[in-house]
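Accompanying notes for the structure given below.
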Amino acid sequence: MTGYIARRLVQAVFTVLGVMLLTFVLFRVIAGDVSTAYVNQKLGAEARQAFYEKHKLDRPSIFNYHRRLLLVDNTDGPHPYEITDKNGSLAARALSLHLASIHRGGAAGSRLQMAGRLVFALSPKTPLLSMTGGRPLLSEKTGISGASGLSVSLSDGTVFFVDLSKVRTCGDFIAAVASCPGNAGKLTAAISRWSPASLFDSQFFWHLWENVSFTGRSYATNQSLLEIIGERGRFSLSITVPAMVLTWLLAMILSCFVAYYRDTWIDRIGVLITVLGMCVPYLAYMLLGQWIMFKIAPGYAAGLAHPSSIYVPVFIAVAAGLGAEVRFYRTIILNEINKDYVRTARAKGVPLPSILFLHVLKNCMLPILTELITTIPFLILGSLLLERFFGIPGLGDLLLTSITSRDVPIVTGLTFLTAVLYVVSLLITDVLYAVFDPRIHLK
Amino acid sequence: MKWFYIISVLVVAALVSLPLFVLRPAGKKGADSGVVYNAIYSADVKSLDPATCGDVTSSTIQANFYEGLYTYHYLKRPVEVVEQLADGMPLVSPDGLTYTIHIKKGVLYHRNPCFGKDPSGAHAWNTRMVLARDFVLSLKRVADYHINTGLAWAFLADRIVGLDAYREKTRQFRIGDFSRYDIPVAGMAAPDSFTLTLRLTAPFPQFIYVLAMNNVYAPIPREVVDYHLSTTDDGKGGRVPVPVAERVPEIMEQEQVVGTGPYLLSAFKRKWTILMDRNPEYRADYYPTQGEGPSQGYEGDGAAGLLADAGKRVPFIDRAVFRYVEEEYAQWMLFLSKQVDVTGIPVETFQAVITPGKDLTDSWKKKGICLTKASDPVVYWIVFNMEDPVLGKSKSLRRAICLGYDAQNEIKILSNDRGIRAVNVVPATFTGHNEAGPGPYFRFDTLAAFRTMQEAKKELAAEGLLKNGEIPEIKFDMSDGPMNLRMADFARQQFERLGIRLKCVFNDWPTLQRKVQNKQIQMYYMGWAADYPDAEDFLQLFYSKNIDKGTNNSNYKNPVFDSLYEAIRVMPDCPERTRIYARMIRIIGEDCPLLPIYEPENFTLYYNWMHNLKQHPMGYGYLKYRRIDAALRRALGGSEG
C-alpha cells in the first residue's frame, strides 16, 4: 500500500509539472504581451520595460544562458548614480541600462550597478547593435557638435563622459569605459558572470516557483494570491459546499425512493422529471430564481446585504444539479439491487426496505462518496454564473475576469491549486477503494 | 448503518448552515448612520491613487474623498471652472508661462494614523492643514516613472519646466526608493506655505481645465508616503519599515487614502461594496446660488427646483453605499424594488419607460420616478487607418463610406435613439462646431454615395488595388461585447449596400489596444470623451506628432492641419482661434479620416425623494450636493435610513 501511494505521489508530481508547463505555454507564450493591459501605452517602451523587470518577464523563456552588460560604480557615495545620453547618443535607452535592484550596504560585493538587458551568448565580440533589441544607438538628428556618448554621474559626485563614437562591439565599450579620462577605476564595465545556478533564472522556473510557493501577486491589484483566496474563497465555498451536500442528501433520498418503486409509475415519472431538470439550461434556473426572489423578498434577491441571501444561489444550484445526481445514484443503486445476494435475500423473505437500507446502500456508498470526493477540488472555484448573477464576490468571477484581463499570476495560481487538489483527491479515492473493498488489491 | 444516516444528516445540516457564520455583512450598520444613499457601480474601481486614476468609475468614487485645486461649477452650463482648494483663479503672467496659485488656508486632511495620535485626545488620530508643497508632491508623483500614471501624466508631459527631466531622473531610482520625491523640479515651487507657482514650457490655454480635473491632481501629504508606503504594521501596534525592494509606490488600500473631500472612505471591498461616511471636519462649502438659466428645451435650474437648497452647507447625505452589480437585469430590479436610488435604463426596457418624445411615460411618473437627461461630450466614430493601402489612399472611398452609412438609424436601433447623429469630429456643444457647419460627407445620401463609390473604384484601379475589379475585403475591428455583435451586423449591411465586403473581427481590450498601437487595423470603432471643454482636445487626435504619442490612432498626417494646430495650441480663447477651429474642423470634414456616428445622451432615472440631481458632463465629486428626503423614502417603501 505504501509503495503504491509513494508511486502515485511521484506520478502526481509529474502530472502537476505537466499542468504547469501547459499553463506556462498558454499564458506566457501564446497570450503574448500582457503589458498592454497594465501599462499605459502612451508611456512608451521604458514603462513597459519596468513592468517586465518587476514581474521577471524580461528573462528568457525556459533556460537562462544569457548575460548582461554591467556598469559598476565602485565609489560608495550618497548621490544618485546616473547615466544619461549626450550629444545625440541613444545608447542608455537602447542598451536598456537601468539600476539593478541589489542591496546597498557596507559588505563586499554590494555595489551600485547599472545593468543592461539579458542577451544570449554575450561576449566581448558581440556587436553593440545586436544588444539593443532593434533600437538605434545614435539619434538621427543632424547638426550635433561634439562627440556622442554617455554622461556618467557616480554616487560620490564624480562626473565624466564616455565617448561612444568609435565603439562597435561590447569589448570596445568595456575598453572605452576603462580608458576614459576622469575614470580612475571608479567605474568598471564588465559582462556579468554566468553560473550554473542562473540557468534556472528564467520565466518558466519563476512561474513554477511562484505557483508552488503561492507567492504570486496579482498584476492588477498587487494583492498576494493567498490574500485573494482567503478573501474571496469563502464566498465561493459558501455557495458550493452547501449546494454539494444538500444535493447529495436530496439525491440519495430521491434515488432510494425511485429505486424502491422501480418499474412502477413513480419510477417513470421520477425519471421524466429528472431528465427534464437536466435539460433546462442553467441560465433559465437563475433568471427564474432571481425573478421569483424579486417578487417575494427583493432585499435577498441580489448581493449579500444579508448573509442568508446566499441561499438563493445555493437552492438554484441544488435545483439545477439534482436531476443529474438522481439519475447517477439511481443507476448505482439499481446495479446493486440486481446482484445475486439481493435476489437470495428476497428469496429468503427479507423485505426490500431492510435490504435496501441495511445492505445495498452500504455497498453503493463507496462509488457515491468517491465521486463526491473528486468534485471537492473544484468547489473553491465556485460557480461563475451564479456569482456573476447574484453579485457574490467569489473566485469563479475573479478567475474569468483574470483571464480576460490577462492577470496571469492569479490564473496560473488557481489552476495549480485545483490541479494539486484534483490529483490528491484521485489518489484518495483509489486508496479508499482499496481500504473499503476487500476485492481490490493495489499493486 | 443507522449511525451513518444520522451522522450524515447532521453533517449536511452543519455544512449548509455554515455560511451564516462565515459570512459577515460588509461594514457595520450603525444605528445613527443617518441618511444613506444607495447606489450601484458596475465596473471595478481600478485605482485609489489620484495619480493612477484614468477611468470613469475610479474618478466617480475618488472624487468624493480627493479634491484638487479647481473644479467645475455644478449647475452652470456651458461648464465653468471654479475654485475648490485654490483661493481664487490663478494669476497668469503676461507671457502665459507662470501660474501663481494661492491655496485656501485651514483645509484639513482626513484624520489618519500617518499624522500620529491626536494630541488633544478628542479624536483617535491627528490631522494637518493642506500646504502648497503637498501639491508639488502630488505633481511629482504623477511624473514619477515608477507609478503607472496614464491620464494624469498625459496632460503634464512636455508642459511644466523641468518635469520631464525629473521623470528621467526618477528612472534611475529603485521603485521603493522614495528619496526621489526630494529632488527639486525647476518649474514647480512653493515659495510659501500657501502659494504654488508653476512655470510652463509654452503657453497652454487649456491648463486651467487640466487643473480642474479635480481628483487627479489632489494634494498628497508626504506622511502618506513615509508612513503607509514605507512602513507596515508589525502586528503589535507599531510600525516596522518595509525593505526598499518590496515597497509599492501606489496607494492601494483603504487606510492609505488621505484626502480632503466631503466623504471618508470607510470600507473598500473590491468588486463588492464601497462605503463612504461624511467627513465631520469638511471645510465650509455651500450649495451654489446660481445656476443655468432658461434656454430652448430647458426651463432653467430655478424652475426645475435645483436652487431650492441654495446657500446651504454641504454635504447633505451622511453615508453612501455603493454595491457592485454587473448584470443589467439585477441593477434594474434593484432600482424597481427601491433598494437603489438612481439608475440608468437598460436597452430592453427602454421603450416601456421612455416615450418616443424622449420623456418618461405617465405610468412611471406615477411610481414616483423622475428622469434627467444630459448630453455627454463624447463622440463615437469609426476610425480609418490612413496608413492602410486601400483606405488611406482613396479619399473617395472614405467619403463614400461616410455617405453610405445610415448612422441615424443605427442610433435608433442599437441605442434606442439615445443620442444625436454626430456631424463633426467635435461635439455639438463645443465652440467651433457651429462655426464650421456640418461635415459635407457626414450625412446619409445613397445617391451621392454611389457616385463617390464609382470615383473610388477609379482611384483604386489606377493604383492597382482592385481585386477582380472589386474593392478588396475590409476588416473592421471591435472589442467584444453583445452590443458590438449587433453593431457588426448593422455595419455589414451598410457596407453591402455599397458593394464592399466587410469582415468584423472581435478582440478583447488588450489585443485591440495592441493592434491599434501596431497599426494592424484597417478600421475600428472608438469613442473619445472630452477631457476638457475645448475643441483642441478633439483636434489633437489628428496632429501628426501625436501618432508616436499614441493619441492619433488614425495616423492622419496633414502639414496644413499640423501648422494650424501648432498655432491654436498657444492661443487663448478668442474669435481668431474660433475661426481657425472652424477651418480645422472643415479640413477633417473634407479628408474624412473618420466616420462620426453619434454623441450619446445620458438618461438617468431616480426617485422623487432624491433632490438636486443634475448630470455633469465633465466634472466629478458632486454627490455632496444631492439630498435625500429620508422620511419620504421610508413612506414610499424604500430602504430605511
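The values are calculated or read from the model by the stated rules, or taken from the named source; none is laboratory data. The model shown is predicted, which means the values in this text are computed figures rather than measured ones. Please note: Cβ atoms are built from the backbone with ideal geometry, for glycine as well, and neighbour counts cover all protein chains shown. With ligands, DNA and RNA removed, areas are computed over all heavy atoms of the protein, side chains included. Shrake-Rupley method; radii C 1.70, N 1.55, O 1.52, S 1.80 Å.
Of note:
- Rounded to whole Hz, the Karplus (6.51, -1.76, 1.60) HN-Hα couplings of region A:263-271, x for glycine and proline: 6, 9, 5, 5, 4, 4, 5, x, 5
- In terms of accessible area, using a 1.4 Å probe and ignoring ligands and nucleic acids, A:H207, A:H98 rank largest first as A:H98, A:H207.
- Relative contact order [Cα under 8 Å, 6+ residues apart], region A:218-362, whole percent: 31
- Residues with amide H under 5 Å from that of B:C370, placed H, sequence gap 5 or more: B:Y606, B:Y607, B:N608
- For the protein assembly as shown, with +1 on Lys and Arg beta carbons and -1 on Asp and Glu, the positive-most of B:V244, A:A220, A:T240 along the dipole: A:T240
- Charges were assigned to the Cβ only: +1 to each Lys and Arg, -1 to each Asp and Glu. The resulting dipole of chain A about its Cα centre is roughly 680 debye.
- Within the assembled protein chains, the solvent-accessible surface assigned to B:S179 is about 50 Å², based on a 1.4 Å probe.
- Per residue, chain B reaches -8500 deg cm²/dmol at 222 nm when only DSSP H runs of four or more residues are counted, each adding -39500 (n - 2.57).
- Cα-centre dipole for region A:212-316 with unit charges at Cβ (Lys and Arg positive, Asp and Glu negative), debye to 20: 100
- Placing +1 on the Cβ of every Lys and Arg and -1 on the Cβ of every Asp and Glu, with no other charges, gives the protein assembly as shown a dipole of roughly 2220 debye about its Cα centre.
- Relative pair counts by distance (%), Cα atoms of chain B, 20 Å bins: 16, 47, 31, 6, 0
- Probe 1.4 Å, all protein chains present, accessible-area order of B:D489, B:D44, largest first: B:D489, B:D44
- Surface accessible to a 1.4 Å probe, B:D362 within the full protein complex, Å²: 100
- For B:S375, nonlocal amide neighbours, meaning residues 5 or more places apart or on other chains whose placed amide H falls under 5 Å from its own, are B:N602.
- Dipole of region B:273-379, positive direction: furthest Cα of B:V378, B:V353, B:Y286, with charges on the beta-carbon: B:Y286
- B:H73 - accessible surface, heavy atoms, 1.4 Å probe, Å² rounded to 10: 20
- In chain A, Cα pairs under 8 Å separated by at least six residues give a relative contact order of 18 percent.
- Equivalent ellipsoid, region B:442-521 (semi-axes from 5 times Cα gyration tensor eigenvalues, Å): 26, 17, 10
- Whole-Hz couplings from phi, Karplus 6.51/-1.76/1.60, listed for region A:312-328; x for Gly and Pro: 5, x, 4, 5, 5, 4, 5, 4, 6, x, 5, x, 5, 5, 4, 4, 5
- Cross-link pairs beyond the 31 Å C-alpha cut-off, checked among B:K458/B:K557; B:K271/B:K519; B:K269/B:K545; B:K393/B:K549: B:K271/B:K519; B:K269/B:K545
- Three-way shape call for region A:343-443 based on the alpha-carbon gyration tensor, with the a/c threshold at 1.5: oblate
- Converting phi to 3J(HN,Hα) with the Karplus coefficients 6.51, -1.76 and 1.60 and the offset θ = phi - 60°, region B:345-351 yields 10, x, 4, 5, 9, 4, 5 Hz in sequence order, with x at every glycine or proline.
- For the residues A:S198, A:S255, A:S425, a GNM of chain A with alpha-carbon springs under 10 Å puts the largest fluctuation on A:S198.
- Shape of region B:263-365, Cα gyration tensor, a/c cut at 1.5: oblate
- For the protein assembly as shown, convex hull of alpha carbons as volume per residue, Å³: 243
- The GluC sites (Glu not before Pro) of region B:447-482 meeting both criteria, a DSSP state outside H, G, I, E and B (loop) and at most 14 other C-beta atoms within 10 angstrom of the site's C-beta, are B:E473.
- Placed amide H near B:G261: partners under 5 Å, 5+ positions off or other chain: B:Y66, B:E67
- The order of B:T446, A:T2, B:T170 by accessible area, most exposed first and with a 1.4 Å probe, is A:T2, B:T446, B:T170.
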